[in-house]
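Asker: Here you go, one structure.
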Amino acid sequence: MSTLLIKNGHVIDPANGIDAPHDVYVEDGKIKEVAKSIDRDADEVIDAAGLVVTPGLIDMQVHFREPGREDKETIETGSLAALSGGVTSVVVMPNTTPAADNQSVVGYVVKKAQELDLINVYPTGAITVAQKGNQLAEINDLKNAGAIAITDDGVDVQDEGILRRAMEYAKTLDVLVMSHCETDALTDGGVMHEGWVSTQLGLPGTPAISEDLAVHKNIMLAKLTGARLHLLHNSTSGAVKAIAEAKKEGFQNITAEVSVQHFALSDEACLGYNTNAKMYPPLRSKDHIKAVIEAIKHDVIDAFTTDHAPHTDAEKQEPFEDAAFGSTGLETSFAVMNTYLVEPQHISLSKGIEKMTIGPAKILRIEKGTLSKGADADIAIFDMKNKWVFNSHKHTYSKGKNCIFNGLKLTGKCVKTIVGGVVKYKEVE
Ligand SMILES: [Zn+2]
């Protein structure tokens, strides 16, 4: 029997309504007790005085690039990056090389993650063969191989007939559908948000309506089919308005997330042709950010993610139009949430942690994101007083150095991460 005791920390466990000084006792990888004061002997005792103790974070949208592009990231380096940010569970997107449109790729990810034994990695399967949007993948096979959801993230299914059939199968098989909402005919070569800044820079823009229209399409098909639909990385006022309406109408099968960069930074980050600010969907203008934050405040949004998208330096050193889309984020997501939502008092710290723990756990239907008795002892410990500057070229774990939060001052840093009762990460100064 192995035991671990975390003493004197401030526990925030939104699933159980705890936001108070508590001790946490772990036995054989499971939470045994959470109480005001626990006096038990343990193999290992962690003094968490002055620190915040939370369930391990869950990020339901990351890109680990393996198999195929191990030069950008591997399941191992991605997992280490996650651990350093307090993230103990991730959902990996299927746009690997080859795409996860078959059992062998999904099975490979499952096996590799088990061998590494670092964090919990949940693979997704593609909706369509090679994510080309014209032929459904074998959804049942993907589910049986271990896919937690199906998604064509990175490209989006344009054909409404195929999307409808995918949702019908998903409904029958009880599989979650995750949609990246984009209307290709409107995005049409856009490399950043269409607006004043894109005009200043002379760059082709992606209009907000490209996302709005696709969100409406997805919501209408989810209402029709009854499929469980999760809307990935929402970034526009139109998208969050449509989600709010669907929720108000009582459609509990529809859930939504925001990637932390989309409430933190605006399209002005692209000024100077900063390719780390190039992402998909793009960083939006301030009016959209305001609407997204209002939606977060009103619980229209269920989860926060990173859309962690590592690339090689060469792919980001291209001219803005040609550079790859995406930013890394696993090492900074908690601090970004705290710095851009909690510090300006948009939401409480507990609410922010909810969106990164029990919120995504409920959508994914996994027994994670809580410190309930008997739950897996996945725990993160944060120093909320630590003001730090992220530098992806120093002290980082992801192979991708393309982080939009590079050089920005953040508050709150992970000091320890525990997975299944084992300390897997300790902060290095
Ligand atoms: Zn996407």
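The values are calculated or read from the model by the stated rules, or taken from the named source; none is laboratory data. Note that the coordinates shown come from a computational prediction; the quantities given were computed from them, not determined experimentally. Don't worry about glycine lacking a Cβ; one is built from the backbone with ideal geometry, like all the others, and counts go over all protein chains shown. What goes into the accessible areas is simple: the full protein's heavy atoms, side chains included, and nothing from ligands, DNA or RNA. Shrake-Rupley method; radii C 1.70, N 1.55, O 1.52, S 1.80 Å.
Asker: What tally of residues in segment 376-400 results from selecting those that are part of a loop (DSSP other than H, G, I, E, B) and surrounded by fewer than 18 Cβ atoms within 10 Å (Cβ to Cβ)? Write out each step before concluding.
Answerer: Within segment 376-400, the first condition is being part of a loop (DSSP other than H, G, I, E, B), and the residues that meet it are 377-378, 390-400.
Those still in the list that are surrounded by fewer than 18 Cβ atoms within 10 Å (Cβ to Cβ) too: 391, 393-395.
The qualifying residues number 4.
Asker: Residue by residue through segment 142-170, note down the ones that are open to solvent by 10 Å² or more (accessible area, probe 1.4 Å), modelled with pLDDT of 95 or more and within 21 Å of the chain's Cα centre (by Cα). Full working, then the answer.
Answerer: Applying the first criterion (open to solvent by 10 Å² or more (accessible area, probe 1.4 Å)) to segment 142-170 yields 143-148, 154-156, 158-162, 164-165, 168-169.
Right, trim to modelled with pLDDT of 95 or more and you get 143-148, 158-162, 164-165, 168-169.
Answer for segment 142-170, where residues must be open to solvent by 10 Å² or more (accessible area, probe 1.4 Å), modelled with pLDDT of 95 or more and within 21 Å of the chain's Cα centre (by Cα): Lys143, Gly146, Ala147, Ile148.
Asker: Next question. Given the residues Ala244, Ala166, Ala185, which is the only one that is in a helix (DSSP H, G or I), away from the ligand (no atom under 16 Å from the Cβ), within 29 Å of Asn120 (Cβ to Cβ) and out of contact with any helix residue (DSSP H, G or I) (no Cβ under 6 Å at 6 or more places or on another chain)?
Answerer: Ala166
Asker: Please work out if Leu330 is under 29 Å from Asn391 (Cβ atoms), out of contact with any Pro (no Cβ under 8 Å at 6 or more places or on another chain) and among the aliphatic types (A, V, I, L, M). Talk me through it step by step, then tell me what you get.
Answerer: Numbers: under 29 Å from Asn391 (Cβ atoms): yes; out of contact with any Pro (no Cβ under 8 Å at 6 or more places or on another chain): yes; among the aliphatic types (A, V, I, L, M): yes.
It is true that Leu330 is under 29 Å from Asn391 (Cβ atoms), out of contact with any Pro (no Cβ under 8 Å at 6 or more places or on another chain) and among the aliphatic types (A, V, I, L, M).
Asker: Does Val155 fit the bill of being among the aliphatic types (A, V, I, L, M), touching a Gly at 6+ places or on another chain (Cβ under 8 Å) and either part of a loop (DSSP other than H, G, I, E, B) or within 21 Å of Ser266 (Cα to Cα) (or both)?
Answerer: Working: among the aliphatic types (A, V, I, L, M): yes; touching a Gly at 6+ places or on another chain (Cβ under 8 Å): yes; either part of a loop (DSSP other than H, G, I, E, B) or within 21 Å of Ser266 (Cα to Cα) (or both): yes.
Taking the combined requirement at face value, the residue satisfies it.
Asker: Given the residues His233, His216, which is the only one that is at pLDDT 95 or above and either open to solvent by less than 10 Å² (accessible area, probe 1.4 Å) or not assigned by TED's automatic domain parsing to the domain that holds Glu182 (or both)? Even if it seems obvious, please write down each step before you answer.
Answerer: On the way: His216 fails: either open to solvent by less than 10 Å² (accessible area, probe 1.4 Å) or not assigned by TED's automatic domain parsing to the domain that holds Glu182 (or both).
Answer to the selection: His233.
Asker: Would a scan of segment 29-40 turn up a residue that is of a type in the set (Asp, Glu) and open to solvent by less than 20 Å² (accessible area, probe 1.4 Å)?
Answerer: From segment 29-40, those of a type in the set (Asp, Glu) are 33, 39; that's our starting set.
Pick out the ones that are also open to solvent by less than 20 Å² (accessible area, probe 1.4 Å) and you get none.
No.
Asker: Shifting gears a bit: Only one of (1) away from the ligand (no atom under 16 Å from the Cβ); (2) among the basic types (Lys, Arg); (3) at positive phi fails for Arg65. Which number is that?
Answerer: Just one mismatch for Arg65, condition (1).
Asker: Looking at Thr88, Thr97 in this structure, which one is among the β-branched types (Val, Ile, Thr) and free of Cβ contacts under 8 Å to residues at least 40 places away in the same chain?
Answerer: Details: Thr88 fails: free of Cβ contacts under 8 Å to residues at least 40 places away in the same chain.
After applying the criteria, what remains is Thr97.
Asker: Looking at the structure I just gave you, is Ser89 in a helix (DSSP H, G or I), in the same structural domain as Met60 (by TED's automatic domain parsing) and of a type in the set (Gly, Ala, Ser)?
Answerer: Judged against the criteria, Ser89 is not a match.
Asker: Tell me whether segment 42-56 contains one or more residues that are assigned by TED's automatic domain parsing to the domain that holds Lys385, among the acidic types (Asp, Glu) and outside any strand (DSSP E or B).
Answerer: yes
Asker: So Gln252 passes all but one of these: (1) among the polar types (S, T, N, Q); (2) touching a residue at least 24 places away in the same chain (Cβ under 8 Å); (3) open to solvent by 10 Å² or more (accessible area, probe 1.4 Å). Which condition number does it fail?
Answerer: The one condition Gln252 does not meet is (2).
Asker: A follow-up question, please. Which of the residues spanning segment 67-83 are over 15 Å from the mean Cα position of the chain (by Cα) and of a type in the set (S, T, N, Q)?
Answerer: The first filter runs over segment 67-83 and keeps only residues over 15 Å from the mean Cα position of the chain (by Cα), leaving 67-77, 80.
Listed by number, the residues that qualify are Thr74, Thr77.
Asker: Looking only at segment 285-330, how many residues end up being under 16 Å from His393 (Cα atoms), assigned to a loop (DSSP other than H, G, I, E, B) and without any contact (Cβ under 8 Å) to a residue 24 or more places away in the chain?
Answerer: 0
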